[in-house]
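Let me begin by presenting the structure, written as C-alpha cells, before commenting on it.
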Amino acid sequence: MNEQSVLRVSNVTKTYSFRTPLLERLATKGTKSTALTALDGINLELRKGEILALVGESGSGKSTLAKILVGSIAASSGEITHNGSAMPAHRTKDLTRSIQMVFQDPYSSLNPRISVGSMLAELLLLHKIVPRREVRQESIRLLNRVGMDEDALDAYPSQFSGGQRQRIAIARALAVRPDVLIADEPVSALDVSVQATILDLFASLRDELGLTILFVAHNLAVVQHLSQRVAVMYLGRIVEVAETAELFANPRHPYTRALIASIPRMTAGSVSTELILSGEPPSPFEIPNGCRFHPRCPFATIACTENDPALLPLARRGGDADLPYHASACLLADALPQSTSSPARTGASAHPSQSHGNSQEAL
Ligand SMILES: Nc1ncnc2c1ncn2[C@@H]1O[C@H](COP(=O)(O)OP(=O)(O)OP(=O)(O)O)[C@@H](O)[C@H]1O
Ligand code: SF4
Ligand SMILES: [Mg+2]
C-alpha cells in the first residue's frame, strides 16, 4: 500500500439483482440477465491531502462507489481499507465521522424544518466535538469557514440560495472533523456563475485543512483546475488514472480522449462541443465481452472483442520513478497515436500491431 493512502479500494463490485416475472422468464427462456453490474472490480486509492476527481458518463457507477465509500450501501464483494485497516461492514461511529459526504442537491440534502444552528449543534454534541458551552462559537467558526456569517445560524434552508445551501451542507460535513470528503457532483445542480465559487471552496479545504477529497463530476472541464489526479470511469470500471495535467496532455484511453474532446471550447467567439462518441453506453445488464468500450471505440480491433483489458501502468514508463503514475485499461494504451484535440476515428495508423503484447487485427 502507498503509505499516503487514506482509502484504498480493492476489487470492489456491486451488483443489483432483479426478480423477473415468470412469464417473461419463460418467454426469454431465461436468457435475459436479471443482474445489473454497477461496479465491476474497482481498484483505486485516495491519497492523503489530494483532490481525486472521479469522472464518467451517467450510469458509470460514480455514485454507487461514493455511497459504498461512505458506508450508506454495501459492496457485493471486494475490500476497502481506511488508513491501512480493513473497514468493517458495519461502520463504527468513528469511521462514519471520518468519511463524510456532500451531495449533489443542496435543496433536498438539508432538512427544511431545522435551523442551521440547530443542525450544526446536534452534530457537534452527538459526536462530542466540543462541550455544549462552545457549540455556538464552533458553529460560527464552521459557517465562517465556508464563507457564511453568524446570521445564518437562526435561518432555515429555504431562506438561502442554492450556492449558500451547498456551503451549509459543506459546513455540516466539516462539523464532525472528517479526514475525507466524498463530494458527489456538488456543483452540478448550481448555476454556472456559482459553481466556480464552490470549486474554490473545495480547493481551499484541501489547501488549508489538508482534507482528502473524492470529487465526483460528469464533466472533465469542472475538475481540470481543481483536482490533482483524475480517475475516469466507464460502465462500472476505472479505465484510466493519472495526474490531472498528464491526463489532459497525454490521455491513454480512447474514452478519456472522447471526454476531453467533448469539453466545450471557445473557437473564434463561438462555443464548440464536439461529440466524439456515438450511441449510449451499453446496458449494465449486458456488459460487452472483451473490452467493454469496444462497441463505441474508434480504435477497436478484433482482439478488443476478445480480451478484457486490466487497468495497468503504461508499459513505456517502466520503472522510471520520475514519471507520474499513469494507468489505462486499454489494450492499445502504449500504442495509441499522439492525442490531438480530437482522437482519430479511422485509419490504419490508429491500429498499431503491437501493444500490451497483443497482436491486433483491425475490425
Ligand atoms: N438502488 C439501485 N438499484 C438498482 N440499480 C441501481 C441502483 N442504484 C444505481 N443503480 C444502477 O447502477 C448503475 C450505476 O449507477 P450510479 O448512480 O452509480 O451512476 P452514476 O455514474 O452516479 O450516474 P449519474 O452521473 O447519472 O449520477 C446504473 O445503471 C444505475 O441504474
Ligand atoms: S482495448 Fe480496444 S476497444 Fe478497448 S479502449 Fe482500447 S482500443 Fe478501444
Ligand atoms: Mg451519480
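The values are calculated or read from the model by the stated rules, or taken from the named source; none is laboratory data. Everything numeric in this text was worked out from a predicted model, so none of it was measured. Note: ideal-geometry Cβ built from the backbone for every residue, glycine included; neighbour counts use all protein chains shown. Surface areas here come from the heavy atoms of the whole protein model, side chains and all, with no ligands, DNA or RNA. Shrake-Rupley method; radii C 1.70, N 1.55, O 1.52, S 1.80 Å.
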The stretch 283-296, residues that are in a loop (DSSP other than H, G, I, E, B) and open to solvent by 30 Å² or more (accessible area, probe 1.4 Å)
Ser283, Pro284, Phe285, Glu286, Ile287, Asn289
Of residues in the stretch 229-264 being in a strand (DSSP E or B) and in contact with an Asp or Glu (Cβ under 6 Å, 6 or more places away or on another chain), the one most open to solvent (accessible area, probe 1.4 Å):
Arg237
Hey, any hits in the stretch 271-291 for a residue that's under 16 Å from His253 (Cα atoms) and modelled with pLDDT of 90 or more?
yes
Given the residues Arg113, Arg136, Arg172, which is the only one that is more than 30 Å from the chain's Cα centre (by Cα) and surrounded by 14 or more Cβ atoms within 10 Å (Cβ to Cβ)?
Arg136
So, Gly49, is that one open to solvent by less than 60 Å² (accessible area, probe 1.4 Å) and within 16 Å of ligand 2 (Cβ to nearest atom) or not?
no
Residues to consider are Pro178, Pro157, Pro131; find the one that is in the same structural domain as Gln4 (by TED's automatic domain parsing) and out of contact with any helix residue (DSSP H, G or I) (no Cβ under 8 Å at 6 or more places or on another chain).
Pro131
Being out of contact with any strand residue (DSSP E or B) (no Cβ under 8 Å at 6 or more places or on another chain), modelled with pLDDT of 50 or more and surrounded by 13 or more Cβ atoms within 10 Å (Cβ to Cβ): is that true of Leu331 here?
no
Complete set of residues in the stretch 175-215 that are over 17 Å from the mean Cα position of the chain (by Cα) and in a loop (DSSP other than H, G, I, E, B)
Val176, Arg177, Pro178, Asp179, Leu190, Asp191, Gly210
